[in-house]
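What follows is a single structure, written as structure tokens, with notes after it.
Any read-out appearing in this document is the output of simple, stated calculations on the displayed coordinates, not a laboratory observation. Remember, predicted model here, so these are calculated numbers, not experimental data. All Cβ positions, even for glycine, are placed from backbone atoms using ideal geometry, and neighbour counts span all protein chains on display.
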Amino acid sequence: MDKGLISRDVNPTQVALGLWTLIDEMVRKWMFYPQDFNLQALGKCVIDPYLEGLRSGDV
């Protein structure tokens, strides 16, 4: 927030929980079905927009 990378309108606890949930569920699914998707590629498609949303305050 101090560096202007995320909006001051977001709740850090909620942001952290949301990010943790995204990562945790992707890794869990991948561990059981690694052939179904590329974890790194999916992570980029899911996490980058989430983080970008924090910059604009849209969470």
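Could you list W30, W20 in order of exposure, starting from the residue whose Cβ has the fewest other Cβ atoms within 10 Å?
W20, W30
Rounding to the nearest 10 and keeping the result within 0 to 90°, find how far the Cα-based axis of helix 12-32 lies from the longest principal axis of the chain.
10
When the Kirkwood hydrodynamic radius is evaluated over all pairs of different C-alpha atoms of the chain, what value in angstrom, to one decimal, is obtained?
With all distinct Cα pairs of the chain included, I get 12.4 Å.
Can you tell me the 0 to 90 degree angle between the C-alpha axis of helix 39-56 and the longest principal axis of the chain, rounded to 10?
Helix 39-56 sits at roughly 10 degrees to that axis.
Taking the Cα of V46, stepping 7 Å toward and past its beta carbon, and measuring to each backbone N in segment 1-19: which are under 18 Å?
The answer is 15-19.
Restricting to DSSP loop positions (anything but H, G, I, E, B) with no more than 10 other Cβ atoms inside 10 Å of their own Cβ, which trypsin sites (Lys or Arg not before Pro) remain in the chain?
Passing both the DSSP loop test and the Cβ count: K3, R8.
Using the number of other C-beta atoms within 10 angstrom as an exposure proxy, rank L54, L19 with the fewest first.
Fewest-to-most Cβ neighbours within 10 Å comes out as L19, L54.
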